[in-house]
Amino acid sequence: MSEKEVKNLEEIFEARIARDEKIEPKDWMPEKYRQTHIRQMSQHAHSEIIGMLPEGNWITRAPSLRRKAALLAKVQDEAGHGLYLYSACETLGISRDELYEQLHSGKAKYSSIFNYPTVTWADMGAIGWLVDGAAIINQVPLCNTSFGPYARAMVRVCKEESFHQRQGFEIMLTLCNGSEEQKAMAQDALNRWWWPSLMMLGPTDAESIHTEQSMKWKLKRKSNDELRQQFIDQTVPQADLLGLTIPDPDMKFNEATGHYDFGEINWDEFWQVVKGHGPCNKERMNARVSAWENGEWVRDAAMAYAEKKVNKEIAKAS
Amino acid sequence: MDNTKKNWPLWEVFVRSKNGLEHRHFGSLHATDAEMALENARDVYTRRSEGVSIWVVESKNITASNPQNNGELFEPAQDKVYRHPTFYNLPDEVKHM
């Protein structure tokens, strides 16, 4: 294809997106659109898969059968969400194995929030309430994104995710209505998860290198700062309801703007965690890689068994 | 036989959400064979009673049209307006036809 032809195709492509048309896997697309989608969708899928680990930590120690069943269902949903997203990603011509390889080698990233430890049961509450709350705010606009398979996966994810946040809030509420120690446990979890949850919505607009292009492709519909403000405005009244204090002395409702003003985010910490120096980066990757490697013989055995069954049927037929 | 380098094939999943409706494409997944694909589809796509029937088809068995040929494939239908009821002029007195 000549340069002129590519340019022409690109113009047609941009015009389709501007008209809110969806792009499907076999349609012509600029290479950068394909790469950007692989990057973002796989990062999202990896986050779901790694995201199971901090919560998996508490399944066997959930305080009641009700809580255990809910937590199991939530973690199972996360596996499911990872699978929807990997499948959507594979429609762009990258294999599942390549995607895993990128995760395991550290070439692909996952959400930095999962590199924090879950030290008490209250962390299950804080994760559902705050981390899933922030994730929903991030994900709802994606139901409308330009790449069809991604948008369809996100519709399913968002439908399932609202139970995640509600079960988390319920855990917090129960703790806050409990003993002094239980309430202190809830406050401690909020203190530890608040700032990482704000960071989870991504670097500030000024620092975000992908935002402009992603907005143009409708891969992103609101900027990181807008999403963060929306999250804060929605969450602060919920903390009040719980009787908990947001660990930010600068947090104050601004009558003039109608939004909450908030303090400086420690972006050094964010970049440290992204670069691999968070409290649990190594632990998470080790858990993931060893699960994959230790499961290899099971995958191979299942494949061998399926082939054996096919061969038997062929032998019977002949 | 050496299976170690073999990846599980990709399957497309179609789910009928209730009787009376058609099966609709829900997504895809990896499985060693049709039986496992059905079981995995149950867990991945119908955790909240989304279906009463599942079809799985190995993705390599699907032949898809190429959007780059959409011109030859679909444009011939565009100049055949006489296939639509509104092409025909009827007097207003004929209300429902």
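The values are calculated or read from the model by the stated rules, or taken from the named source; none is laboratory data. Model, not experiment: these values are computed from the prediction. Neighbour counts are summed over all protein chains in view; Cβ atoms, including those assigned to glycine, are modelled from backbone coordinates with ideal geometry. For the accessible areas, the whole protein counts, side chains as well, though only heavy atoms, and no ligand, DNA or RNA atoms are used. Shrake-Rupley method; radii C 1.70, N 1.55, O 1.52, S 1.80 Å.
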Which pairs turn up if I take residues in region A:37-66 that are under 11 Å from A:Leu103 (Cβ atoms) and look for partners that are among the β-branched types (Val, Ile, Thr) and at pLDDT 95 or above with beta carbon separation below 8 Å, at least 6 apart in sequence or on another chain?
A:Ser42/A:Ile94
Is it true that A:Ser105 is away from chain B (no Cβ under 14 Å) and within 27 Å of A:Glu296 (Cβ to Cβ)?
yes
Tell me the helices (runs of 4 or more DSSP H) entirely within region A:21-134 that contain at least 3 residues that are acidic (Asp, Glu).
A:31-59, A:65-90, A:96-105
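Of the residues in region A:267-312, how many are open to solvent by 90 Å² or more (accessible area, probe 1.4 Å) and either touching a strand residue (DSSP E or B) at 6+ places or on another chain (Cβ under 7 Å) or within 11 Å of another protein chain (Cβ to nearest Cβ) (or both)? Spell out how you get there, then give the answer.
From region A:267-312, those open to solvent by 90 Å² or more (accessible area, probe 1.4 Å) are A:268, A:272, A:275, A:277, A:282-283, A:286, A:293-294, A:297, A:305, A:308, A:312; that's our starting set.
Next, from what is left, pick out any that are either touching a strand residue (DSSP E or B) at 6+ places or on another chain (Cβ under 7 Å) or within 11 Å of another protein chain (Cβ to nearest Cβ) (or both): A:297, A:305, A:308.
Summing the residues that are open to solvent by 90 Å² or more (accessible area, probe 1.4 Å) and either touching a strand residue (DSSP E or B) at 6+ places or on another chain (Cβ under 7 Å) or within 11 Å of another protein chain (Cβ to nearest Cβ) (or both) in region A:267-312 gives 3.
Going by the conditions given, is A:Lys68 within 12 Å of another protein chain (Cβ to nearest Cβ), farther than 17 Å from A:Met154 by Cβ and either open to solvent by 20 Å² or more (accessible area, probe 1.4 Å) or within 17 Å of the chain's Cα centre (by Cα) (or both)? Explain how you work it out, then say what you get.
Working: within 12 Å of another protein chain (Cβ to nearest Cβ): no; farther than 17 Å from A:Met154 by Cβ: yes; either open to solvent by 20 Å² or more (accessible area, probe 1.4 Å) or within 17 Å of the chain's Cα centre (by Cα) (or both): yes.
No; evaluated as a whole, the condition is false for this residue.
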Conditions: (1) away from every other protein chain (no Cβ under 14 Å); (2) out of contact with any helix residue (DSSP H, G or I) (no Cβ under 6 Å at 6 or more places or on another chain); (3) touching a residue at least 60 places away in the same chain (Cβ under 8 Å). A:Ala317 meets all but one. Number of the miss?
(3)
Quick one: is A:Ile59 more than 17 Å from the chain's Cα centre (by Cα), open to solvent by less than 40 Å² (accessible area, probe 1.4 Å) and hydrophobic (A, V, I, L, M, F, W, C)?
yes
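Listed residues B:Ser28, B:Ser53; which is surrounded by fewer than 16 Cβ atoms within 10 Å (Cβ to Cβ), at pLDDT 95 or above, within 26 Å of A:Val310 (Cα to Cα) and of a type in the set (Gly, Ala, Ser)? Break it down into steps so the answer makes sense when it comes.
Details: B:Ser28 fails: surrounded by fewer than 16 Cβ atoms within 10 Å (Cβ to Cβ).
Step by step, each of B:Ser28, B:Ser53 is checked, and only B:Ser53 is surrounded by fewer than 16 Cβ atoms within 10 Å (Cβ to Cβ), at pLDDT 95 or above, within 26 Å of A:Val310 (Cα to Cα) and of a type in the set (Gly, Ala, Ser).
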